[in-house]
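The values are calculated or read from the model by the stated rules, or taken from the named source; none is laboratory data. Not measured: the values here are computed from a predicted model. Here the Cβ positions follow ideal geometry from the backbone for every residue, glycine too, while neighbour counts run over all protein chains shown.
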Amino acid sequence: MQAPSPTLEMVAARAGVSKSTVSRVVNSPDSVPAKVVAAVNAAIDELGYVPNLAARSLASHRSRTIALIIPEDTAAFFTDPYYAALVPAVAKYLSTTEYTLTLVIASESEPDKTRRHLLSGNVDGAVVLSHHASDLVYVEIARSLPTVFSGRPPGSEDPHTHMVDIDNVGAAEQATRYLLQHGRRSLATITGPQSMTSALDRFEGWMRAAFAAGVNNGLVEYADWSEASGADAMRRLLARGQPIDGLFAASAQIATGAMEVLRERGIRVPADIAITTVDNDHFARNASPALTTIEQPVTMLGATIAASLVRLIAGEAIGRLTLVPTTLIERESV
């Protein structure tokens, strides 16, 4: 016959305390003397007692669930190596806590449906991974629900907005200066969607470096982060007939698409055009030649996002913007 599951009463008897004390240790250990907490936790470990999380949630008005919001085209999201690395990093950190991560694919046609779900007590907080200029609903939600954004959303000046990001302006500026330091003066850029602040910031960084060096020739094209759009943008740049000897691409996927076009046209990298980018993913590493890039520490970003949200849910004061440092990776594309 299977032994009965350990109960709260059994833990109380083993620890020599009352049931209410065990409950306080489980739900609010900071209100209990450390010696008592140690005794109760020892009894819990010895007996293999598992607290009733549903009851705890009812008592504390907490769901112990965190929503991972994807306000993005799902096909693009699930094929993007950045998110493929970021989501497991968020999940890995949360696995060390009492929170469960749940995926919410936002409905662009029914934003109120997502709003109702998030604000009806189903989750204790939210991580918003990708955001466009039209996604102000999440900034509004952050006023009522602890929310951390990966990146700087539109409306980021709102005092309730908390963000974890890299310095996208500084990253693009550093990558562009690297081209200049290697003698490139006819610079172009393929930037990302202008509805996203990360793309806007990387474009600004390119402009700062190009203007400071006096080499901004207005050679700018736009892409949507994908290889195909990077290739199309490179074709448009070449069609202008202006000399280009250095290219900053806003992502490694964009750069990879651009390089395919250059290869088709017999334009050598880096002999004819040097290329720098952002992201040290498999696109950057496996390009031929491999790409000089600004590495985003995606694992660190994910853990920092999750840790920031857990602290926010606990009522701790955290900075509105947390920047994670980047690293220049020098390879053969320059």
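Summary table below
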| quantity | calculated |
| --- | --- |
| Boolean, V298 is within 21 Å of A175 (Cα to Cα) and surrounded by 14 or more Cβ atoms within 10 Å (Cβ to Cβ) | yes |
| Number of the exception - A142 against (1) outside the structural domain of T276 (by TED's automatic domain parsing); (2) small (G, A, S); (3) in contact (Cβ under 8 Å) with a residue 24 or more places away in the chain | (3) |
| Hits in the range 218-239 - residues which are out of contact with any Pro (no Cβ under 8 Å at 6 or more places or on another chain), among the hydroxyl-bearing types (S, T, Y) and at pLDDT 95 or above | S229 |
| Hey, E260 over 17 Å from T327 (Cβ atoms) and either at pLDDT 95 or above or among the hydrophobic types (A, V, I, L, M, F, W, C) (or both) or not | yes |
| Candidates D272, D281 - the one that is within 24 Å of L237 (Cβ to Cβ), surrounded by 14 or more Cβ atoms within 10 Å (Cβ to Cβ) and of a type in the set (D, E) | D281 |
| Qualifying residue in the range 302-311 (condition: on the phi < 0 side of the Ramachandran plot, surrounded by fewer than 21 Cβ atoms within 10 Å (Cβ to Cβ) and outside the structural domain of S156 (by TED's automatic domain parsing)) | no |
| Some residue of the range 197-217 being in contact (Cβ under 8 Å) with a residue 24 or more places away in the chain, closer than 19 Å to I329 by Cβ and of a type in the set (S, T, N, Q) | yes |
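Yes or no, residue by residue, for (1) in contact with a Cys (Cβ under 6 Å, 6 or more places away or on another chain); (2) within 27 Å of L247 (Cβ to Cβ); (3) surrounded by fewer than 23 Cβ atoms within 10 Å (Cβ to Cβ):
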| site | (1), (2), (3) |
| --- | --- |
| T114 | no, no, yes |
| V123 | no, no, no |
| P153 | no, no, no |
| S156 | no, no, yes |
| V164 | no, no, no |
| T176 | no, yes, no |
| Q181 | no, yes, yes |
